[in-house]
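Every read-out reported here was derived from the displayed coordinates using simple, explicitly stated rules and does not represent laboratory data. Computed from a prediction, not measured in an experiment: that's the story for all the values here. Note: ideal-geometry Cβ built from the backbone for every residue, glycine included; neighbour counts use all protein chains shown.
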Amino acid sequence: MIFVTGAVLLGIWQYQSSQEDKQDEVAELVHAKPKAFTDLIGPNDAFPWEQIGRPVTVSGIWMPEETIFIDGMERGSQVGFWAVTPVLVEDTESAVYVVRGWTPEVGTAPPAPRGHVTITGWLQPSDWTDVADDRKSDNVFPQLDVSDLISRTSYDLYSAYMVRSPVEDNWPAASMPVNDGATDVADVPAPQLPEPEATTGLRNLLYAIEWWLFGIFGIYVWWRYVRDTLHPRPDEDEDEAAGDEGDSEEDPEKTPQDAGVPSDA
């Protein structure tokens, strides 16, 4: 019992270590050096799923008249709205929606920013759910579905959106511009984070499996011991001896002919 318990606990410890390795790598990817938005995706490109959650920087012009709000967004125990304003990407004719932040009410949301901006955020794929938009006449949406927004804007849209990232301990970098458009809106974390490498934490995971196998082996050895103790088997030597004695006994009813010995007759 002590051995099996120890093996199980050591396996859990190694498994948790493997998960912590994955979380550390995700945190590192989320706060990696931002890449140029236009280097990762083009106006007519499909979403690059291998870049999900990666920090990107885009330059362009705010389009405040196209501001929308996403309903049902949680922040702690409160439910409110995402304030989302597109940016017309520099040197293109396409726009990308940027989640500026969270606000409790649409009516109290700060006005959308104007002018040129260079903003850093996390790359996210278009949302899609089976929730229907019952209020097509307003600028409040149940999800940030780019395919749904294409028909409601006069601009071509990228197949992605960005979530504005706050400046944390000089990240993205002291030389990077401070993200505009964040006044009076709360920061929003990235809904989808980047995936760690498949081999991250693999060694600890294998150690965990190894300890659990040791525990299973310990249970098997205990079971064999208990079975052999409660139901002992006869000695093999005794079995062989009993067999030899049976072969050496002569059958009194056998005739010399039955034994293969020629008779004098």
How big is the charge dipole of the stretch 21-155 about its Cα centre, in debye rounded to the nearest 20, if each Lys and Arg gets +1 on its Cβ and each Asp and Glu gets -1 on its Cβ?
380 debye
Would you work out which of Val98, Val79, Pro113 lies farthest towards the positive end of the dipole of the stretch 46-125, given +1 charges on the beta-carbon of Lys and Arg and -1 on that of Asp and Glu, about the Cα centre?
Val79
Cα pair distances exceeding 22 angstrom across the stretch 11-118, given as percent
51 percent
Fully extended contour minus Cα-Cα distance, from Gln78 to Thr92, at 0.36 nm per residue
1.3 nm
Along each of the three principal axes of the Cα atoms of the stretch 62-115, give the extent in whole Å, ordering the values from largest to smallest.
41, 16, 12
